[in-house]
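The block underneath contains the structure these notes are about, expressed in structure tokens.
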Amino acid sequence: MKGNEAIAHAAIRCGVDGYFGYPITPQSEVIETLSELKPWETTGMVVLQAESEVASINMVYGAAGAGKRALTSSSSPGVALMQEGISYMAGAELPGVFVNVQRGGPGLGTIQPSQADYFQSTRGGGNGDYYVITLAPASVQEMADFVDLAFELAFKYRNPAMILADGVIGQMMEKVELPPFKARRTEEEIQKECPWAAMGRKKTREPNIITSLELQPEEMEKRNIHLQKKYEEIRNKEVRYETLQCDDAEYLIVSFGSAARISEKAIEIAREEGIKVGLFRPITVWPFPSTQLAELARGKKGILVVEINAGQMVEDVKLAVNGAEPVEYFGRLGGIVPEPDEIVNALKTKF
């Protein structure tokens, strides 16, 4: 199945309470598949096409505020419209999940694949000092697997989580093993897991208030300090990455998502030509695996960062290695996906 279809199937199987979304290429198959599967007749999951992306993210905000597992998906311009709501969720510490199947920009751009939303995704995206836990799948299997993982991390840290895919992963078809069915939580289970949730007045406690607003600056500073401590905990505990053929590597390619899949073939070609190169693939692009990359990069002749954008993750790579090793960038723009041979040629040319 397609990566977008895998998201939809996994959402039903992972006990998601509600999906609120709006069609946009190249991710429209998410809501189309959910509409075809009709989970409201089986699991009771709500599927609703909102009137806009702004409405979608605010519906997720409302559902998450009640402790529900709420999901939305969109593509780059649509996710840009959601940024206010995502910032509100981060400020109110609400655990929602959203999927970005990236397309080229800026503006409406093109419906072709891109990875140009990296900065937006890893720097919060909206107003204020906050971060979103961001998982970057490189296969249809990971599209399915990351739905449950994103919700697990979102609820563990009461923080929005993103699955940052792109048009390649969303549209490509691969074999996938879907997760086992997980029953939706009962109201009693939600109350136990989410004592902070706004679920109506309870005789056993005071009413819960969900908000990101604090008019007193001293209190707002306390809230921000609390958030920064949480982000530091996430950095320390939730970094994920993958390496390939790095044991004897003299050079490293660093890439994420579909660019990493293409880089695997480039590494195969390079090694056939006697160039010892390995792959470092961040799976969490926030938190970025800076310490792990710095250790692996030590002593390498060169690091090539491959992205389908104008060069964004390359800045995080440079910060990680801190000038100890040479770092160069290669990428394509406007929705053009690089070929493995182009990556090999860039490796030869730049080092």
* Asked: Largest first, how would 293, 213 line up by accessible area (1.4 Å probe)?
  -> 213, 293
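Could you pull out the trypsin sites (Lys or Arg not before Pro) across the range 89-168 that fall in loop regions by DSSP (anything but H, G, I, E, B) with no more than 14 other Cβ atoms inside 10 Å? Let's see the in-between values first.
Numbers: sites: 103, 123, 156, 158; in loops: 123, 158.
Loop-located and lightly packed - 123.
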* What are the residues whose amide H is under 5 Å from the amide H of residue 172, where those residues sit 5 or more places off or on another chain and H is modelled from the backbone? -> 3
* List the trypsin sites (Lys or Arg not before Pro) within the range 293-339 that fall in a DSSP loop (any state other than H, G, I, E or B) and whose Cβ has at most 12 other Cβ atoms within 10 Å. => 298
* Asked: Can you list the residues, at least 5 places off or on another chain, whose amide H is less than 5 Å from the amide H of residue 46, using H built in the peptide plane?
  -> 18, 19
* Asked: Rounded to two decimals, what ratio of Rg to Rh does the range 34-130 give with C-alpha atoms and a Kirkwood Rh?
  -> 0.99
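Please return the longest range in the chain lying between exposed loop sites, taking GluC sites (Glu not before Pro), DSSP loop only, at most 12 other beta-carbon atoms within 10 Å, and leaving the sites out. Each step should come with its number before you reach the end.
Values: sites that count: 51, 177, 273.
That gives 52-176 as the longest site-free run.
Would you mind checking the pairs 175/318; 230/265; 230/300; 182/237 and listing those with alpha carbons more than 29 angstrom apart? If you can, show how the numbers build up before the last one.
On the way: 175/318 36 Å; 230/265 38 Å; 230/300 34 Å; 182/237 25 Å.
From the list (175/318; 230/265; 230/300; 182/237), the Cα-Cα distance tops 29 Å for 175/318; 230/265; 230/300.
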* Structure fact -> Relative to the chain, whose Cα atoms define the longest principal axis, helix 217-237 and its Cα axis are tilted in degrees, nearest 10, by 50
* What list of ³J(HN,Hα) values in whole Hz, one per residue of the range 17-22 in order, does the Karplus curve 6.51 cos²θ - 1.76 cosθ + 1.60 (θ = phi - 60°) give from phi, with Gly and Pro shown as x? -> 7, x, 10, 10, x, 8
* Structure fact -> In whole angstrom, the spacing between the Cα centers of the range 208-280 and the range 1-80 equals 25
* Over the chain, one equal point on each Cα, no solvent: what is log10 I(q)/I(0) by the Debye formula at q = 0.08, 0.14, 0.16 Å⁻¹? -> -0.39, -1.11, -1.37
* Asked: With every protein chain left in place, what is the accessible area of residue 133 in Å² (1.4 Å probe, nearest 10)?
  -> 0
* For residue 134, list long-range residues whose amide hydrogen, built 1.01 Å from N in the peptide plane, is under 5 Å from its own amide hydrogen. => 162, 285, 286
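The values are calculated or read from the model by the stated rules, or taken from the named source; none is laboratory data. None of these values were measured; they are calculated from a predicted model. With ideal geometry, Cβ positions are generated from the backbone for all residues, glycine too; neighbour counts draw on all protein chains shown. Quick note on the areas: whole protein, heavy atoms, side chains included, nothing else; ligands and nucleic acids left out. Shrake-Rupley method; radii C 1.70, N 1.55, O 1.52, S 1.80 Å.
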